[in-house]
Amino acid sequence: MTISFNNYAKKIGVRNIRESTFDWYQWCIFVDASEEQLNNIEHIIYNLDPSFPRPDRKIGKERRNKKFALKLEGWGSFGVQITVRLKDGSEEEYYYYLDLKKDGQRMEVLAPTNN
């Protein structure tokens, strides 16, 4: 099964980090798949950039109705390694580039709270 991912992001301010100023974004990454595909997923592990606290974030089937969304904040785009565990016990590996320039209009629908 091939699974697609997507993200939304919105600028929420600026922050000073290590004597530099960066635009600060709230972002959400999620499974962009059909209902049938979503129903076959047991959990997702998003392997974030190592600069994040707890860079490996597991999103379980209780978040299936939110498309296994993960919502966080940060200052830069980066690649995310993703492990999808299917209900049949198999795993699939994916890579997704988190793009902070994507529109954040639908973000609250997918992930109303931080993970």
Practice problem: Run down Q105, Q26 and say which single residue is of a type in the set (S, T, N, Q) and either part of a strand (DSSP E or B) or modelled with pLDDT of 95 or more (or both). | Solution: Q26
Exercise. For residues that are surrounded by 15 or more Cβ atoms within 10 Å (Cβ to Cβ) and farther than 15 Å from E92 by Cα, scanning just region 24-51, find the one that is farthest from the chain's Cα centre (by Cα).
Key: W24
Quiz prompt | I82 being aliphatic (A, V, I, L, M), under 12 Å from L98 (Cα atoms) and either surrounded by fewer than 16 Cβ atoms within 10 Å (Cβ to Cβ) or touching a strand residue (DSSP E or B) at 6+ places or on another chain (Cβ under 9 Å) (or both) | solution = yes
Quiz item: Quick one: in region 1-19, which of the residues that are of a type in the set (S, T, Y) and not in a strand (DSSP E or B) is surrounded by the most Cβ atoms within 10 Å (Cβ to Cβ)?
Solution: S4
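The values are calculated or read from the model by the stated rules, or taken from the named source; none is laboratory data. All figures in this text were calculated on a predicted structure; none of them were measured in a lab. We place every Cβ from the backbone using ideal geometry, glycine too, and count neighbours over all the protein chains shown.
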